[in-house]
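Heads up, the thing below is written out as structure tokens.
The values are calculated or read from the model by the stated rules, or taken from the named source; none is laboratory data. Keep in mind the model is a prediction, meaning the values are calculated, not measured. All Cβ positions, even for glycine, are placed from backbone atoms using ideal geometry, and neighbour counts span all protein chains on display. With ligands, DNA and RNA removed, areas are computed over all heavy atoms of the protein, side chains included. Shrake-Rupley method; radii C 1.70, N 1.55, O 1.52, S 1.80 Å.
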Amino acid sequence: MLYYFVKRLGLAALIVVIAVSLLYGMIHAVPGDPLSIVLGPRATPEMRDDLADKLGLDKPFVVQLGVFFLNVLQGDLGTDVFSELPVSEIFFGQLPFTASLIFMAIGWSAAVGIPLGCYSAIRRNTLIDKLTGVFSVGTITIPSFVVALYSLLIFAVALKWLPATGAGRDGDILDQLRHLILPSLAVGLGWVGYLARLVRASMLEVLGENHIRTARAFGLPERTITLHYALRLAILPTVALLGVGIGNMLSGAVFAEIVFARPGVGKLIFDAVITRNYPLVMGSVIMTTIIFVLCTTLSDLIAAMLDPRIRENL
């Protein structure tokens, strides 16, 4: 297990370096002059040269990228151009809002999708199974921003059941949870279908294996066979999918945070890209990438602990 852990961490580090390098190049390719955006049209050449030197924009791209990685290794994510605050302070100040949104979304979608897929597999080819299939495909095909807009119009504007914008009052947990319901619905609805379809397919495969037939031959209750023998193996692909799902939900959170006017990492990166705030964009991007890679790595490690065969395939 230790050997698998070391190899998986090395692969994760390589993924972070490649992903951040590509994103760094893409950000520099975005049209527009960041110096003009920051300083305004009346900036003098001296002011532009000073800011270019401060941001390192006067150096070749490869040098800029190398300096950025060197600073990151020293724990320095840079300084915000406008507020002159450390990027790490700004990022981690917004991270709890996005983390609470993602965990609530992935929590309720797993609580609904996994039992739905399990029950659908047990009742294969019945009316419930067919209705579950239609519901799963329907939730998968609806984009998160469409769910966000319509849930806002229906539950907040028309029915006035839930708050429309904001993250709730500081210190009031119930109010913050009420403000999380609609954004988490928008982010997590599509994953109900993904999880239900995946669990159903895995359960059908596991239920046909020899050890399940043996357990039935010994007269074990169907509930015990399903929960203790079949579901434990069928849940393995779901564990890996949830790790990837956190990364995908980070992108879905951008729409939710914009539509519902919530603070968070997604809206922070969006605003930073619009203003060409290079230090804030890159610092936030590398931290988001690291979080995504760590989540996928953790899900792989959990899956390897549950199924030793996975360690032999890396």
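Please go through region 86-114 and pick out each residue that is open to solvent by 50 Å² or more (accessible area, probe 1.4 Å) and farther than 25 Å from Gly168 by Cα.
Within region 86-114, Pro86, Val112 meet the criteria.
Restricting to region 128-168, count the residues that are touching a helix residue (DSSP H, G or I) at 6+ places or on another chain (Cβ under 7 Å), outside any helix (DSSP H, G or I) and open to solvent by less than 80 Å² (accessible area, probe 1.4 Å).
Of the residues in that region, 7 qualify.
Which pairs have Cβ atoms under 6 Å, sit 6 or more apart or on different chains, and link a residue in region 260-271 that is within 16 Å of Ala164 (Cα to Cα) to one that is assigned to a loop (DSSP other than H, G, I, E, B)?
Phe260/Thr165; Ala261/Thr165; Arg262/Ala167; Pro263/Ala167
Return a yes/no flag: does region 212-224 have any residue that is within 26 Å of Met249 (Cα to Cα), open to solvent by less than 30 Å² (accessible area, probe 1.4 Å) and among the small types (Gly, Ala, Ser).
no
Would you tally the residues in region 115-127 being assigned to a helix (DSSP H, G or I), surrounded by 12 or more Cβ atoms within 10 Å (Cβ to Cβ) and not hydroxyl-bearing (Ser, Thr, Tyr)?
Residues in region 115-127 being assigned to a helix (DSSP H, G or I), surrounded by 12 or more Cβ atoms within 10 Å (Cβ to Cβ) and not hydroxyl-bearing (Ser, Thr, Tyr): 6 in total.
Could you say which residue among Val265, Val254, Val259, Val187 is over 22 Å from Ile140 (Cβ atoms), β-branched (Val, Ile, Thr) and out of contact with any Cys (no Cβ under 7 Å at 6 or more places or on another chain)?
Going through Val265, Val254, Val259, Val187 in turn, just one is over 22 Å from Ile140 (Cβ atoms), β-branched (Val, Ile, Thr) and out of contact with any Cys (no Cβ under 7 Å at 6 or more places or on another chain): Val265.
For Gly243, all conditions in the list (1) within 19 Å of Tyr194 (Cα to Cα); (2) open to solvent by 20 Å² or more (accessible area, probe 1.4 Å); (3) without any contact (Cβ under 8 Å) to a residue 60 or more places away in the chain hold save one; what is the number of the exception?
Of the numbered conditions (1) within 19 Å of Tyr194 (Cα to Cα); (2) open to solvent by 20 Å² or more (accessible area, probe 1.4 Å); (3) without any contact (Cβ under 8 Å) to a residue 60 or more places away in the chain, the odd one out for Gly243 is (2).
Go through region 225-235 and count every residue that is buried (at least 17 other Cβ atoms within 10 Å of the Cβ) and more than 14 Å from Ile122 (Cβ to Cβ).
Going through region 225-235 one residue at a time, the tally reaches 2.
Out of Arg124, Arg216, Arg200, I need the residue that is under 25 Å from the mean Cα position of the chain (by Cα) and of a type in the set (Lys, Arg). Which one?
Arg200
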